[in-house]
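These notes are about the structure you will find just below.
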Amino acid sequence: MRIVLVGPPGAGKGTQAHLLAKTLSIPHISTGDLFRANIGQGTPLGLEAKSYMDAGRLVPDEVTIGMAKDRMLQPDAANGFLLDGFPRNLGQAKALDEFLAEQGIKLDGVLDLEVPEDEVVRRIAGRRLCRNDGGHVFHVDYNPPKVEGVCDECGGELYQRSDDTEDKVRTRLEVYHTETEPIIDYYVQQDLVATISALGKVDEVTQRAIEALKQNG
Ligand code: AP5
Ligand code: ZN
């Protein structure tokens with residue numbers, strides 16, 4: 001299966017992608033995680049991405065599209081993938097379509113996670129991420145780790161993202177509305193979109209997502 005996950009910052013894309021990828025046995029490809037890994041390793045790509053991410057703005061398409069394509073060409077993605085945070089504007093969506101056509105493959109569905117803005121702010125303010133694996137995500141109230149500051153899955157140190165402050169979240173939400181939301185219409189025209197509520201417990205949202213993907217496929 002080849003799936004795109006879309007939704008505002010803090011909707012729970014990373015949380016759901018991590019679980020769905022396990023259930024569907026396909027890799028979870030998050031451009032945000034790839035950028036953060038590059039920043040952590042101090043690569044030139046990471047250095048370029050950092051200033052945009054810290055401002056809550058999109059990293060330029062030239063950088064992002066090449067990185068996403070490289071990842072989709074890795075052997076573990078040959079039979080499918082779950083894209084989280086890509087595409088994020090119409091240029092990226094069109095570039096993805098061209099890439100898929102070149103490879104002779106198609107998207108199976110686009111899962112759109114809906115969540116009100118006040119909940120977004122609560123989720124982002126309490127989020128903690130694992131330094132070893134960006135897919136290990138916790139929340140100080142909603143999904144606390146067993147030991148404070150320590151990842152349940154791998155024992156890694158938990159930290160707060162530098163773009164998770166209130167003013168940056170506002171910028172990220174604005175960017176989501178102006179640049180990312182138009183891709184939902186683009187995919188509605190291809191009859192690919194399933195919209196679900198991302199409110200409720202994490203496993204309830206996962207169940208909703210699996211049902212929606214079944215109906216779509
Ligand atoms: P990215 O890393 O993609 O961030 P984002 O889209 O802003 O999304 P988040 O990671 O903030 O939220 P999420 O929806 O994954 O929520 P999560 O599961 O963590 O991008 C960051 C930056 O990188 C961008 O601003 C941009 O600069 C750059 N970038 C990335 N991709 C790009 C692209 N394609 N083009 C250009 N630039 C790009 O959940 C949030 C919290 O809520 C967690 O604490 C979690 O535990 C909790 N939670 C989750 N589900 C629930 C639930 N059901 N109930 C209660 N709490 C929950
Ligand atoms: Zn971990």
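The values are calculated or read from the model by the stated rules, or taken from the named source; none is laboratory data. Since this is a predicted model, take the numbers as computed values, not measurements. As a convention, Cβ positions derive from the backbone with ideal geometry for all residues, glycine included, and neighbour counts pool all protein chains shown. Accessible surface is based on the protein model in full, side chains and every heavy atom, while ligands, DNA and RNA are left aside. Shrake-Rupley method; radii C 1.70, N 1.55, O 1.52, S 1.80 Å.
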Report summary line: Exactly one of K214, K201 is within 8 Å of ligand 1 (Cβ to nearest atom) and more than 15 Å from the chain's Cα centre (by Cα), and that residue is K201
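Restricting attention to the range 118-155, and to residues there that are closer than 18 Å to E204 by Cα and of a type in the set (D, E), which single residue is nearest to ligand 2 (Cβ to nearest atom)? Can you show your working first?
The initial filter retains those residues of the range 118-155 that are closer than 18 Å to E204 by Cα, namely 119-120, 123, 137-139, 141-144.
With the extra rule that they be of a type in the set (D, E), the set shrinks to 119, 141.
Values: E119: 25, D141: 19 Å.
Restricting to residues being closer than 18 Å to E204 by Cα and of a type in the set (D, E), the top hit is D141.
Can you tell me how many residues within the range 104-124 are farther than 25 Å from A212 by Cβ and more than 12 Å from ligand 1 (Cβ to nearest atom)? Explain how you work it out, then say what you get.
Going residue by residue through the range 104-124, those that are farther than 25 Å from A212 by Cβ are 104, 121.
Keeping just the survivors that are more than 12 Å from ligand 1 (Cβ to nearest atom) gives 104.
The total comes to 1.
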Report summary line: Scanning the range 56-72 residue by residue, those under 22 Å from A21 (Cα atoms) and either surrounded by 14 or more Cβ atoms within 10 Å (Cβ to Cβ) or in contact with a Pro (Cβ under 8 Å, 6 or more places away or on another chain) (or both) turn out to be T64, I65, M67, A68, K69, R71, M72
Query raised in the report: Filtering the range 73-91 down to residues that are more than 13 Å from ligand 1 (Cβ to nearest atom) and either in a helix (DSSP H, G or I) or of a type in the set (A, V, I, L, M) (or both), which residue is least open to solvent (accessible area, probe 1.4 Å)?
Result: A77
Report task. Restricting attention to the range 136-164, report how many residues are more than 9 Å from ligand 1 (Cβ to nearest atom) and under 15 Å from the mean Cα position of the chain (by Cα). Result -> 1
Report summary line: Within the range 2-21, residues being of a type in the set (A, V, I, L, M, F, W, C), farther than 20 Å from L96 by Cα and within 16 Å of ligand 2 (Cβ to nearest atom) number 1
Report task. Of the conditions (1) within 8 Å of ligand 1 (Cβ to nearest atom); (2) open to solvent by 60 Å² or more (accessible area, probe 1.4 Å), R127 clears all except one; give me its number. Result -> (2)
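For I105, are the conditions met, namely being open to solvent by 20 Å² or more (accessible area, probe 1.4 Å), of a type in the set (A, V, I, L, M) and either more than 16 Å from ligand 2 (Cβ to nearest atom) or part of a loop (DSSP other than H, G, I, E, B) (or both)? Let's see the steps before the verdict.
On the way: open to solvent by 20 Å² or more (accessible area, probe 1.4 Å): yes; of a type in the set (A, V, I, L, M): yes; either more than 16 Å from ligand 2 (Cβ to nearest atom) or part of a loop (DSSP other than H, G, I, E, B) (or both): yes.
Yes: the conditions hold for I105.
To keep it simple, each residue is scored yes or no on (1) within 8 Å of ligand 1 (Cβ to nearest atom); (2) at pLDDT below 95; (3) hydrophobic (A, V, I, L, M, F, W, C).
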position: K13; (1), (2), (3): yes, no, no
position: I26; (1), (2), (3): no, no, yes
position: I29; (1), (2), (3): no, no, yes
position: D33; (1), (2), (3): yes, yes, no
position: T43; (1), (2), (3): no, no, no
position: A55; (1), (2), (3): yes, yes, yes
position: P60; (1), (2), (3): yes, no, no
position: G66; (1), (2), (3): no, no, no
position: K69; (1), (2), (3): no, no, no
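Report whether or not V115 is open to solvent by 70 Å² or more (accessible area, probe 1.4 Å) and more than 19 Å from I29 (Cα to Cα).
Working: open to solvent by 70 Å² or more (accessible area, probe 1.4 Å): no; more than 19 Å from I29 (Cα to Cα): yes.
Considered against the rule, which asks whether it is open to solvent by 70 Å² or more (accessible area, probe 1.4 Å) and more than 19 Å from I29 (Cα to Cα), V115 comes out as no.
Kindly evaluate D97 against the criterion of being within 14 Å of ligand 1 (Cβ to nearest atom) and open to solvent by 20 Å² or more (accessible area, probe 1.4 Å). Give the derivation first.
Working: within 14 Å of ligand 1 (Cβ to nearest atom): no; open to solvent by 20 Å² or more (accessible area, probe 1.4 Å): yes.
So D97 does not fit the description; no.
Here are some residues: D84, D118. Which one is modelled with pLDDT under 95 and not aromatic (F, W, Y)? Let's see the steps before the verdict.
Details: D84 fails: modelled with pLDDT under 95.
The unique qualifying residue is D118.
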Report task. Determine the pairs where a residue that is exposed (fewer than 14 other Cβ atoms within 10 Å of the Cβ), located within the range 43-55, has a partner that is modelled with pLDDT under 95 and among the β-branched types (V, I, T) with Cβ atoms under 9 Å apart, the partner being 6 or more residues away or on another chain. Result -> L47/I39; A55/T171
